[in-house]
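Participant: Attaching a single structure in structure tokens format; questions to follow.
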Amino acid sequence: MATYIEVPSFKLNTGASIQGVGFGTWRSTEEEAYSAVIDAIKAGYRHIDTAYIYGNEHIVGKAIKDSGVPREELFVTTKLWVTGVQKAQECLERSVKALGLEYVDLYLMHWPVAMNANGNDPNLPSKPDGSRDIIPESEWSYIDTYKSMEKLLDTGLTKAIGVSNFTKEKMEKLLKETTVVPAALQIELHPLLPQQELVDFCHENKILVEAYSPLGSIGAPLLKTEELIKLGEKYKVSTACICISWSVWRGVIPLPKSTKAARIAENFKIVKLSDEDGKTVSELYKTHGVQRFVAPDWGVKIFD
Ligand code: NAP
């Protein structure tokens, strides 16, 4: 029998508590998102991650309401999309309304990218030549977006602000040029993309780190990794549990997504990895190679 441990809580630099395993909702259809969030809350998750662009905020919000769990016991994150960066307050108001809540706990800049809000598509506009309809950084940068997000803290519509898909270089610039230290950075993190330097930088600056795609995103490809399977056998748990437990072991909050009740519950059970096993997982990229599963083509360079 496996020896599971309680999912820990972490503290944001705002003083708020956040549950150490969050529930992801990307690519869940309306129907799936409703039952998934209900199942997640039943399984014990109190931390839900959504985004305007997932198109499911209204359903996630309905499931939250129908779960009957008091609002103050839940931690809800949503994100500012790239075409909304010049009207952050309007976008936050729209998201909070869609969720049917009075506030969100964390509002993240989804990507350090600005796109034309009046282009040929409300979410992913392109130019006549087919290229992305990007606002050049010289006109509007992620620093401008973040400065407008800082003002959102006065509205009471979000308790904290943060960023997503930032590199260490961008985090350094952000800390130099803005006032509010982001409460969190959400990035792709898993055994084949540990980004240790960036994680260390955030921890040194009291920025909480969240791991998206902790199983390798669509189809959970990381679960085929032999070393992770063996560790699962050793701890008598699933391979997914090893990936999720490894995130918690390194002080990072994983956000596994599933639409299947059994997996949702399984992903909320974690074990305490030994330091030796944790380090083995951290070094898998050296033999398997670094892999990034979420890298949309923005027409501008995002990652190193
Ligand atoms: P993920 O959680 O790494 O993997 C999801 C995939 O794994 C789905 O295909 C799911 O299938 C499968 N799966 C889940 N649990 C499993 C298990 N125990 N055994 C076998 N397969 C399992 O990927 P993700 O959705 O890309 O990332 C997680 C969350 O992070 C997202 O939902 C979103 O909230 C957030 N995210 C944020 C960003 C950003 O830009 N900030 C980008 C990507 C993701 P089923 O659903 O069929 O179970």
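The values are calculated or read from the model by the stated rules, or taken from the named source; none is laboratory data. Because the structure is a prediction, the values reported are computed rather than measured. For neighbour counting, all protein chains shown are included, and Cβ atoms are generated from backbone atoms with ideal geometry for every residue, glycine included. Remember, those area values only see protein heavy atoms, side chains included, never the ligands or the DNA or RNA. Shrake-Rupley method; radii C 1.70, N 1.55, O 1.52, S 1.80 Å.
Participant: Just one of the numbered conditions (1) assigned to a helix (DSSP H, G or I); (2) near the ligand (Cβ under 10 Å from one of its atoms); (3) surrounded by fewer than 22 Cβ atoms within 10 Å (Cβ to Cβ) is not true of residue 286; which one?
Facilitator: Evaluating residue 286 over (1) assigned to a helix (DSSP H, G or I); (2) near the ligand (Cβ under 10 Å from one of its atoms); (3) surrounded by fewer than 22 Cβ atoms within 10 Å (Cβ to Cβ) leaves (2) as the failure.
Participant: Is there a residue in region 259-267 that is more than 6 Å from the ligand (Cβ to nearest atom) and part of a loop (DSSP other than H, G, I, E, B)?
Facilitator: So far as region 259-267 goes, no, none of its residues is more than 6 Å from the ligand (Cβ to nearest atom) and part of a loop (DSSP other than H, G, I, E, B).
Participant: Pick from region 100-131 the residues that are of a type in the set (Ser, Thr, Tyr), in contact with a strand residue (DSSP E or B) (Cβ under 7 Å, 6 or more places away or on another chain) and open to solvent by 10 Å² or more (accessible area, probe 1.4 Å): which of them is nearest to residue 12 (Cα to Cα)?
Facilitator: 103
Participant: If you check every pair at least six apart or on different chains, which have Cβ atoms under 8 Å apart with a residue in region 256-272 that is closer than 19 Å to residue 221 by Cα and among the charged types (D, E, K, R) first and a residue that is open to solvent by less than 10 Å² (accessible area, probe 1.4 Å) and assigned to a strand (DSSP E or B) second?
Facilitator: From residues that are closer than 19 Å to residue 221 by Cα and among the charged types (D, E, K, R), the pairs are 257/23; 257/24.
Participant: Just checking, how many residues over region 268-283 are open to solvent by 20 Å² or more (accessible area, probe 1.4 Å) and outside any loop (DSSP other than H, G, I, E, B)?
Facilitator: Final tally of qualifying residues: 5.
Participant: List the number of the failed condition for residue 101; all other conditions in (1) touching a Lys or Arg at 6+ places or on another chain (Cβ under 9 Å); (2) touching a residue at least 60 places away in the same chain (Cβ under 8 Å) hold.
Facilitator: The one condition residue 101 does not meet is (2).
A quick yes/no check of all residues on (1) within 16 Å of the ligand (Cβ to nearest atom); (2) over 21 Å from the mean Cα position of the chain (by Cα):
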{"site": "131", "(1), (2)": "no, yes"}
{"site": "154", "(1), (2)": "no, yes"}
{"site": "161", "(1), (2)": "yes, no"}
{"site": "181", "(1), (2)": "no, no"}
{"site": "188", "(1), (2)": "yes, no"}
{"site": "192", "(1), (2)": "yes, no"}
{"site": "205", "(1), (2)": "no, no"}
{"site": "217", "(1), (2)": "yes, no"}
{"site": "234", "(1), (2)": "no, yes"}
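One line per residue, one yes/no per condition, for (1) of a type in the set (S, T, N, Q); (2) over 27 Å from residue 78 (Cβ atoms); (3) in contact with a Pro (Cβ under 6 Å, 6 or more places away or on another chain):
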position	(1), (2), (3)
219	no, no, no
224	no, yes, no
230	no, yes, no
237	no, yes, no
244	no, no, yes
252	no, no, no
259	yes, no, no
263	no, no, no
269	no, no, no
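Participant: In this structure, is residue 18 open to solvent by 40 Å² or more (accessible area, probe 1.4 Å) and touching a strand residue (DSSP E or B) at 6+ places or on another chain (Cβ under 9 Å)?
Facilitator: no
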